[in-house]
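These notes concern the structure reproduced below.
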Amino acid sequence: MYRTGQGIDFHQLVDNIPLIIGNVKIPFYKGSKGHSDGDVLFHAITDAILGALGEGDLGKHFPSSSSKWKDADSKVFLQYAVNILKEKKYKIVNLDSTVILQKPQISSYVSN
């Protein structure tokens, strides 16, 4: 059985915090404002996995009201979703994502 998940995430860019996309720190004077590390790519992918599994969204599992997740590394969120995926005996067949930014250009940080 195939299941499809849709994830989306966006954050305001603000001065003097790290810009992290897909667990890669991008040198830029602004970063994603968020309760955790603000990694929009990992957040969207995590949401897509959780949604496909019928497990709710990122906020259900990692609420911003909890100080436990303040400045958390989004790898933790993604690994959590992948663990649920494996427990339920599903696997990812295809995953595509799009990051939309006016600046900075991130193509040199993307691996194929």
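What about Ile92, is it on the phi < 0 side of the Ramachandran plot and assigned to a strand (DSSP E or B)? No, not satisfied. Screening Ala44 against (1) in contact with a Leu (Cβ under 8 Å, 6 or more places away or on another chain); (2) part of a helix (DSSP H, G or I); (3) of a type outside the set (S, T, N, Q) leaves a single unmet condition, (1). Being among the β-branched types (Val, Ile, Thr), open to solvent by less than 90 Å² (accessible area, probe 1.4 Å) and over 19 Å from Leu95 (Cα atoms) holds for only one residue in Val40, Val82, Val14, Val24, and it is Val14.
Of the candidates Asp9, Asp71, the single residue that is buried (at least 16 other Cβ atoms within 10 Å of the Cβ), of a type in the set (D, E, K, R) and in a loop (DSSP other than H, G, I, E, B) is Asp9. Of all residues in region 48-63, those that are assigned to a helix (DSSP H, G or I) and either in contact with a strand residue (DSSP E or B) (Cβ under 9 Å, 6 or more places away or on another chain) or open to solvent by 30 Å² or more (accessible area, probe 1.4 Å) (or both) total 4. For Val76, state whether it is touching a helix residue (DSSP H, G or I) at 6+ places or on another chain (Cβ under 8 Å), assigned to a helix (DSSP H, G or I) and closer than 26 Å to Pro18 by Cα. Judged against the criteria, Val76 is not a match.
The C-beta contact set for region 22-38 (first residue on the phi > 0 side of the Ramachandran plot, second residue among the aromatic types (Phe, Trp, Tyr), distance under 7 angstrom, 6+ apart or interchain) comprises Gly22/Phe42; Asn23/Phe42.
The values are calculated or read from the model by the stated rules, or taken from the named source; none is laboratory data. Given the structure is predicted, the values throughout are model-derived calculations rather than measurements. All Cβ positions, even for glycine, are placed from backbone atoms using ideal geometry, and neighbour counts span all protein chains on display. Accessible surface areas use protein heavy atoms only, side chains included; no ligands, DNA or RNA. Shrake-Rupley method; radii C 1.70, N 1.55, O 1.52, S 1.80 Å.
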